[in-house]
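The block underneath contains the structure these notes are about, expressed in structure tokens.
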Amino acid sequence: MLAWLRAGTELAERFDGFLGSGWIRPEEASAEWHMLYRFASQASLEAWELSAQRRWWLDSAQGFVDESSREHRTGIEGWFDEPSSVDVQDLRTVSAPPRWKQMCAIFLVFYPLSLAANYIAKDFAADWWLPIRVLATVAVMTPIMTYAALPWITRLLAPWLKPAAR
């Protein structure tokens, strides 16, 4: 099983945009494993998922591995999450940066967006009831932060957020 897991990771590493992978189990005695992949873009992930190499790798495990479901995360949910338990120590795993670094990255995005939203809202929504004005600015800022600003700042700060292991 370990050789098969390593082979899958080594194949995925050859694809552009591959950022890392890991394997976790819900609990130590579980026969169920979850594979985690991180790719730089949806196009990079799709190239891996639709590749002949991945299909060959999955086919090589017929009888002892089944793909039961897939979950794609693209927003802030799980953005800095790390696996709760890692069973295979020699596979490359992705750990979350310290929470204070996460806070700094979020602040670098949130403050200028909040400033801009409030500056704009003062002109066109100055007479709105405060909770409605805040709701409108948050409704505009949230998708911008989730789909554009946070992915951008995370890529920009990647060397600082997750320095290379020594």
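Read the figures in this text as sums done on the coordinates, not as results from a lab. Bear in mind the structure is a predicted one, so any value in this text is a computation, not a measurement. No Cβ is skipped: glycine too gets one built from the backbone with ideal geometry, and neighbour counts run over all protein chains shown.
Things worth noting here:
- Net +/- balance of residues flanking R55 in space, Cβ distance below 14 Å, scoring K and R +1, D and E -1: -3
- Placing dummy labels 7 Å off each Cα toward the beta-carbon, the span from A7 to S60 is 0.3 nm.
- Efficiency of FRET between E49 and T146 - r from beta-carbon atoms, R0 30 angstrom, step 0.05: 0.85
- For L130 and L157, the FRET efficiency from 1/(1 + (r/R0)^6), where r spans their Cβ atoms and R0 equals 35 Å, is about 0.60.
- Each peptide among 133-139, 19-25 gets the average number of other Cβ atoms lying within 10 Å of its residues, and from highest to lowest they stand as 19-25, 133-139.
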